[in-house]
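The values are calculated or read from the model by the stated rules, or taken from the named source; none is laboratory data. Every value quoted in this text rests on a predicted model; they were computed, and no experiment measured them. Neighbour counts are summed over all protein chains in view; Cβ atoms, including those assigned to glycine, are modelled from backbone coordinates with ideal geometry.
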Amino acid sequence: ILIVDYLGTSTDVAATIEKATALDEALSSFAAKSVTFERLPFAHPLYILFSSGTTGIPKCIVHSAGGTLIQHVKEERLHAGLLDGDRFFYFTTCGWMMWN
């Protein structure tokens, strides 16, 4: 079980749960690697989901990189009012959209 340090107490919380480890502690033995970015077209596929098929034949749903970026900006900046330097914790279940 990995405990994510959200309130600065992950080490204390992990000590109370059998087989739990703070995420920072679990990652401490790995060296950071540099990230390489690549410019892609707006419509470049970012992820693909398939509908559940509850109302008909399952359909392929392709989400583009640009559309996903705009959706996140809309939700986090406009709806939630997040600004540079803010922290945001988003919890969700592993439902079919999140799991894929």
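Can you find, within the stretch 81-100, the residue that is modelled with the highest pLDDT among those that are of a type in the set (A, V, I, L, M, F, W, C) and surrounded by fewer than 12 Cβ atoms within 10 Å (Cβ to Cβ)?
L83
Evaluate the following for L23: is it assigned by TED's automatic domain parsing to the domain that holds F88 and under 27 Å from L69 (Cβ atoms)?
Here the answer is no, as L23 does not meet what is asked.
Taking the stretch 40-93 as the region of interest, how many residues are assigned to a loop (DSSP other than H, G, I, E, B) and of a type outside the set (D, E)?
26
Would you mention how many residues in the stretch 26-53 are surrounded by 10 or more Cβ atoms within 10 Å (Cβ to Cβ) and closer than 18 Å to L69 by Cα?
Number of matching residues: 9.
Name the residue that is farthest from Y90 (Cα to Cα), counting only residues in the stretch 1-34 that are touching a strand residue (DSSP E or B) at 6+ places or on another chain (Cβ under 8 Å) and assigned to a loop (DSSP other than H, G, I, E, B).
I17
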